[in-house]
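Just so you know, all these numbers are worked out from the coordinates, no wet-lab data involved. Note that this is a predicted model, so its numbers are computed, not measured. So basically every Cβ, Gly included, is an ideal-geometry build from the backbone, and we count neighbours across all protein chains shown.
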Ligand code: HEM
Ligand SMILES: Nc1ncnc2c1ncn2[C@@H]1O[C@H](COP(=O)(O)OP(=O)(O)OP(=O)(O)O)[C@@H](O)[C@H]1O
Ligand SMILES: Nc1ncnc2c1ncn2[C@@H]1O[C@H](COP(=O)(O)OP(=O)(O)OP(=O)(O)O)[C@@H](O)[C@H]1O
Ligand SMILES: [Mg+2]
Ligand SMILES: [Mg+2]
């Protein structure tokens, strides 16, 4: 039977090992056009398995676009991008199946309750009820909140629900866009723990964040996006 | 001619002085129901003119609801609430005319460019072109961004536009819900300056925030919302 | 502010309401006797004309109810203290009005089946009736939107004022509809029904009886609505306690 | 609130709404094609006898009603999408200005829609309109749109205030608009000469439309503020 | 991707969509009242001669088309509102599952809508349907809905991918659905016995609907993934 590592099911670790020979993210001279604007302009970046990379940069620098590229959500105009060994241009399905992504938006259905949202997403990714309950508990979603429509929750409660959905997903590469925004102090700490646990279980995590102090303690590596390029890349801490 | 105080037109100061005898915010045992849920449960709070109050509290504690109450956006189920001397229950129009509010949402039209949004709102509140240009410059909105549709801007750029709209407004009471969320480090500093300037010009500022370190340095007073009540109210720093 | 207005309402077990109820019951019995036994059959329509003693009064009393709703709503809006009781009266009256209008539709259809051989015909007045019915269903939906009681009152009062101006507008425009063009298609014998004295009396009596029933229903419904509001206010106390407990660390 | 301020706000709101419509093309890409296809399909279905000319006015106004539902919903969805409605409420602007601006933008869009539909009807259904009829038609379109827009904006404002409430709009709006629809259809029939009606017969209906428009606009100007002010 | 996984995803998506519809009542409160009022007003406008019975089938399907536009737009608006579509794309689920789930939910909603409309037509327009006609009617409704839903879901998916693209939907969908609409109307005419048509005459049209449904469903299953996958 699968034994858990740091609270995470063993199978995550297994699926990671299949592609462990190559870098998890390998982006070279990538150009991504939004409309006609090059949100990423020849960005180059490599991320190895087990890293917890924090992406920083000014507003509009291209952090979100970088994450979306890694998730296979935006098309590549030039350059190459390989994620977990799969080409993002040609084999998106394979990339997406192993990526967990939380953007600025929460990706929840406002008309459904938090509980219904959680169980829909867990049905879709095939997670069990116990995993769902554990994730909800971990993100501090009480019974009352789980039975409240998401559209009525407070900003932070929505974010917590989205993070619970994210945790239910068995991703090997976690991409999070400002996960701390809107969360209260205990929530922020909880996320940091969640991410560290994921890394400990063999996942790779990329977090875009504007909170420099917090991310400094979290990251194993920090990179900065400036004008669509990754210009400065700090070494492992 | 009106002389400016700390970069803000003198008329703000004048309009404040008309109601200076009373507290700017005077909320007593206020109950606000959202659906049948008491988001504010007998909250009591007084804020004097010139204060810069930071509101803290767990997710769902009722911070947003408190701000919306002060803005006259949610009805009072019980208790009393006076803002700038006007009863929030009976004289909302008077309250609203002097309040600037920035919620979790930005209140922008996604189909219009940032510039069009700014000039619409300035037309509506009757601000001049120069004020608009100054606010846009202050929030770092370049010509390119001003002519980009808001729906295409990055999260932080949207927030900057919303803050520029806010700055254009001649409010005597500023209510901001997590203004720092989504902004990069220089943007955060810029907001802090903006708010301090507003206070220096005679306005009163209430900010809900989860960033404890940052708000500690910003606030003249900090209060905490717990379970719909204001339970702990630190003295002036 | 609104606390005082939602304290437990006065009981309906007063002499007036009890007498009203008695009159309503007795009146109904008399009306049934008049309608079913004492009045004559119609020359053309036979016994089916007896539906008239329910059909016409319900229609007229429904109009009355809607007008009453509007009057109460205007009173609510004009009044300084924004009496929730007026708002509840308006709501109760509209509810009863919708029921009566529904009865008009049902009895009319049944009557139509007997006299025209069909349940429905595209007569202007029938269409008017449907529009009015839907309008006040919409009004009741607005009442159910939620929010505080004062919010509900204000919103629905304004909608009621819009709705009531629709009564003459809908009524006359639809009547004009045919009169400008062909008029022969109107099947219904409007003024053509020859009424003998007793029939006329029964009709007027029916209207009176249904008006009393209306008043009686509105009084009771008003009290029930007041109780519902009061219960809602009590529910707040429990909710407040639960909310306060949230702050206590577990 | 001074009248000039109200006009200023109304102008800002109307031009903003029209600019958004211009950008998003909901009307041109969404409403008109549907309306057009309905007219074409009817033309196919009821070709042979004179039915078409008889149905044409009704179709034009039915399509306008549909358009008004879509457009008004969109007009207020735009306000609620990113909570701009809160900002509007807080701008300290007279609600009359917002209301009149919304109505003006709606009227413009509806008149455009009707112009296209009427032209379609003329072509597809081979309707002939003389000069008198044309004047009648234009007047009808403007007054009809005004009546629809004046009421739609009020109820649109009511339905925007809260999530999930927008589904109330048709329930409130449709029965109330029925008389406008009937009046406008009748006037258009006269203008089209359907069923042998003459243009002169249409003017009483136009008068009715004017009355509707005036009443709704007056009521709306008074009622919009309190209704949207939550 | 295994077939059982596809079915599982389809079921999850369909039940989610239906639950959202149940909560928000867009269909019941928004589409049906409009369709109903259209039918009532038509009845009112075209009362005297036999036109009504002739137009009834066309009206039913026109209203269904309208409903399908609203419903499919809503079905994908729900996905794009808070970027749930991104999450769906990233869930590593087979796009066929998502597509079939969407189609299933659409079919259910459309069939409900048609049932109501047909019932209305029967009552309001005094149409008589015999047993054979009833069977024909039910088959037509199901197959017609299937055809509409299968195509609407593809284009809906395409239109959701980017802001502002949703207005493209009617433009794409309406011409493509015209044949379905005509087939369904003809079959319904036979079922209603409009214009002296007999029920037996309707079955060839039903065959046509079946062919359309099959083609669209097949094409959609293959094409939905690539089309929505940005
Ligand atoms: C569904 C079918 C019907 C509906 C919805 C309906 C509705 C109404 C309404 C609303 C009124 C009050 C009108 C007013 O005073 O403004 C009324 C009155 C009346 N109805 Fe009906 N009706 C229906 C069928 C019939 C039938 C079948 C008959 C007789 C053959 C009938 C006979 C009358 C008479 C005699 C009056 C009172 C006289 C008057 O018109 O002022 N109705 N009906
Ligand atoms: N269609 C477009 N036309 C012009 N510019 C665009 C378009 N779409 C996106 N952009 C620009 O592309 C950039 C997108 O950057 P991205 O969203 O990745 O920034 P980010 O680093 O995540 O910023 P933030 O910190 O604000 O979230 C922004 O500068 C935005 O203005
Ligand atoms: N219709 C409703 N039914 C039940 N609960 C509701 C409803 N609407 C709001 N709530 C609850 O009311 C509270 C709203 O709090 P509010 O939005 O003021 O929180 P907040 O302090 O701003 O939180 P955050 O830090 O997450 O922004 C939340 O707990 C929310 O779950
Ligand atoms: Mg970003
Ligand atoms: Mg909040």
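One table, with the values for the structure above:
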item: B from A by rotation - nearest chain A beta carbon to the axis, in Å; result: A:181, 2
item: Label spacing, shortest first and in nm, from residue E:130 to its equivalents in the remaining copies (7 angstrom along Cα→Cβ); result: 5.0
item: Label geometry 7 Å along the beta-carbon vector: residue A:22 inter-copy distances in nm; result: 6.9
item: Taking the C-alpha atoms of the range E:1-131, convex hull volume expressed per residue in Å³; result: 112 Å³
item: Ascending count of other beta-carbon atoms within 10 Å, so fewest first, for C:37, C:172; result: C:37, C:172
item: The range A:145-221: relative contact order in percent, alpha carbon pairs under 8 Å with at least 6 residues between; result: 32 percent
item: Per the axis that maps chain D onto chain E, nearest residue of D (Cβ criterion) and its distance in Å; result: D:51, 3
item: Shortest-first nm distances, residue E:3 label point to equivalent points in other copies (7 Å, Cα→Cβ); result: 7.6
item: Part-to-part distance (alpha-carbon centres) for the range C:149-164 and the range D:54-121, which is given in Å; result: 23 Å
item: Order of C:58, A:113 - criterion: other Cβ atoms within 10 Å of each residue's Cβ, fewest first; result: A:113, C:58
item: Over chain D, relative contact order from alpha-carbon pairs under 8 Å, at least 6 apart, %; result: 27 percent
item: Fewest-first sequence of C:36, B:218 by Cβ atoms within 10 Å of each Cβ; result: C:36, B:218
